[in-house]
Ligand SMILES: C[S@@+](CC[C@H](N)C(=O)[O-])C[C@H]1O[C@@H](n2cnc3c(N)ncnc32)[C@H](O)[C@@H]1O
Ligand code: SF4
């Protein structure tokens, strides 16, 4: 359904009436892991460094998005901690007036070294990937035995006072599904919020044999931990949260396949080369790097952002056309 935008929010609003308030910024498409669902072993399609947006370019573009109404920014990748001096970028972004929430997604393998500086730079929240508490399963899934490093990173983040820390677990049939209860207990014990995510079919195979429907999983956790639905949105994203009766334990469910949330999608994604992707599951995009490097004015940037948002499609088609998307998650910025 098309919406007459003169009747809605004057700020960044797309053709379907959705206000765009959230920008994900990928600072690298490289990673020290090879999670099977994200970046398969042997993957070589990396962007050349000359095409990476420089920090000053990222800062200028983010400031333009904030002028247009974006208030939340998440740094991601690839593995963002592989980009040198990330804390400097975080500190500069945090100083942009109007940016109220700066967060970071990481696999935590290098977080022990970076947690303090990121906290000092003003990163508000962390989402950390952890799919399993079983070392063997971790190695199989991530392609490397980095379990101890990742766990140490998670604990270092807790120590530095990041809160909340959300643990993202891509729940996969026959792979880590048996560990969901243990992961829930672990998260509750440490005050982390576990988020269970349905694997999306991204990449050239287009198959999604690992897909696990989270509805029955949720029913089981509700019964086991006495969960009740959380009324408040936590973080303005697609997760639906459930909490324990005392409110201390929380579990989120992100169900792009079984119950998509496109009607309320408030985000767009900037890849490391300056390409803005308007939807995780579609090809619509807008390239900002050429204009940034051609000396465009701030007014040009503002106009380009408005044009780019016009391209945002209504929804993804992961379910109807699982083979459609040939781009890996690590290339878009998850
Ligand atoms: C692409 S990663 C980038 C940040 C960082 N390297 C990390 O792992 O958190 C961001 C998130 O995307 C998720 N992800 C990657 N590929 C996915 C897929 N095919 N389906 C669902 N989630 C996926 C990861 O589990 C992770 O939580
Ligand atoms: S999910 Fe994160 S850690 Fe895993 S391969 Fe993708 S970018 Fe790397």
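The values are calculated or read from the model by the stated rules, or taken from the named source; none is laboratory data. A quick note: this is a predicted structure, and the numbers were derived from the prediction, not measured. Glycine also receives a Cβ, built like all others from the backbone with ideal geometry; neighbour counts cover every protein chain displayed.
Kindly evaluate residue 150 against the criterion of being within 27 Å of residue 240 (Cβ to Cβ), in contact (Cβ under 8 Å) with a residue 40 or more places away in the chain, within 12 Å of ligand 2 (Cβ to nearest atom) and in a helix (DSSP H, G or I). Steps first, please.
On the way: within 27 Å of residue 240 (Cβ to Cβ): yes; in contact (Cβ under 8 Å) with a residue 40 or more places away in the chain: yes; within 12 Å of ligand 2 (Cβ to nearest atom): yes; in a helix (DSSP H, G or I): yes.
So residue 150 passes the test.
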**Request:** State all residues of the stretch 18-45 that are away from ligand 2 (no atom under 13 Å from the Cβ), assigned to a loop (DSSP other than H, G, I, E, B) and either within 16 Å of the chain's Cα centre (by Cα) or touching a residue at least 40 places away in the same chain (Cβ under 8 Å) (or both); if no residue qualifies, say none.
**Result:** 18, 20, 21, 45
**Asked** What are the residues in the stretch 187-217 that are surrounded by 13 or more Cβ atoms within 10 Å (Cβ to Cβ), within 16 Å of ligand 2 (Cβ to nearest atom) and modelled with pLDDT under 95, if any?
**Response** 197, 198, 199, 200, 201, 202, 203, 204, 208, 210
**Item:** Qualifying positions in the stretch 142-186 - under 26 Å from residue 222 (Cβ atoms), buried (at least 16 other Cβ atoms within 10 Å of the Cβ) and within 14 Å of ligand 1 (Cβ to nearest atom)
**Value:** 154, 165, 166, 167, 168, 169, 170, 171, 172, 175, 176, 183
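Being out of contact with any strand residue (DSSP E or B) (no Cβ under 9 Å at 6 or more places or on another chain) and either over 21 Å from residue 55 (Cα atoms) or at pLDDT 85 or above (or both) narrows it down to one of 6, 19, so name that one.
On the way: 19 fails: out of contact with any strand residue (DSSP E or B) (no Cβ under 9 Å at 6 or more places or on another chain).
The conditions single out 6.
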**Asked** How many residues are within 18 Å of the chain's Cα centre (by Cα) and under 20 Å from residue 108 (Cα atoms) if we restrict to the stretch 158-198?
**Response** 16
**Request:** For the stretch 110-139, enumerate the residues that are closer than 18 Å to residue 37 by Cα and either within 15 Å of ligand 1 (Cβ to nearest atom) or without any contact (Cβ under 8 Å) to a residue 12 or more places away in the chain (or both).
**Result:** 127, 128, 129, 130, 131, 132, 136, 137, 138, 139
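Do we find that residue 34 is out of contact with any helix residue (DSSP H, G or I) (no Cβ under 7 Å at 6 or more places or on another chain) and either within 24 Å of residue 161 (Cα to Cα) or within 16 Å of ligand 1 (Cβ to nearest atom) (or both) in this structure? Reasoning before the result, please.
Numbers: out of contact with any helix residue (DSSP H, G or I) (no Cβ under 7 Å at 6 or more places or on another chain): no; either within 24 Å of residue 161 (Cα to Cα) or within 16 Å of ligand 1 (Cβ to nearest atom) (or both): yes.
No, not satisfied.
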**Message:** Suppose we keep only residues that are outside any loop (DSSP other than H, G, I, E, B), more than 17 Å from residue 278 (Cα to Cα) and in contact with a helix residue (DSSP H, G or I) (Cβ under 7 Å, 6 or more places away or on another chain) within the stretch 61-87. Which one would you say is nearest to ligand 1 (Cβ to nearest atom)?
**Reply:** 80
**Fill in**
Reported set for the stretch 164-190 where residues are touching a strand residue (DSSP E or B) at 6+ places or on another chain (Cβ under 8 Å) and in a loop (DSSP other than H, G, I, E, B) is 164, 173, 176
**Request:** Output the number of the condition that residue 102 fails; it satisfies all remaining conditions of (1) away from ligand 1 (no atom under 11 Å from the Cβ); (2) out of contact with any helix residue (DSSP H, G or I) (no Cβ under 7 Å at 6 or more places or on another chain); (3) outside any helix (DSSP H, G or I); (4) closer than 27 Å to residue 169 by Cβ.
**Result:** (2)
**Message:** With the requirement that a residue be crowded, with 16+ Cβ neighbours inside 10 Å and in a loop (DSSP other than H, G, I, E, B), what does the stretch 262-295 give you?
**Reply:** 265, 266, 271, 272, 273, 274, 278, 279, 280, 281, 282, 288
**Request:** Give the number of residues within the stretch 72-86 that are more than 16 Å from ligand 2 (Cβ to nearest atom) and surrounded by fewer than 19 Cβ atoms within 10 Å (Cβ to Cβ).
**Result:** 2
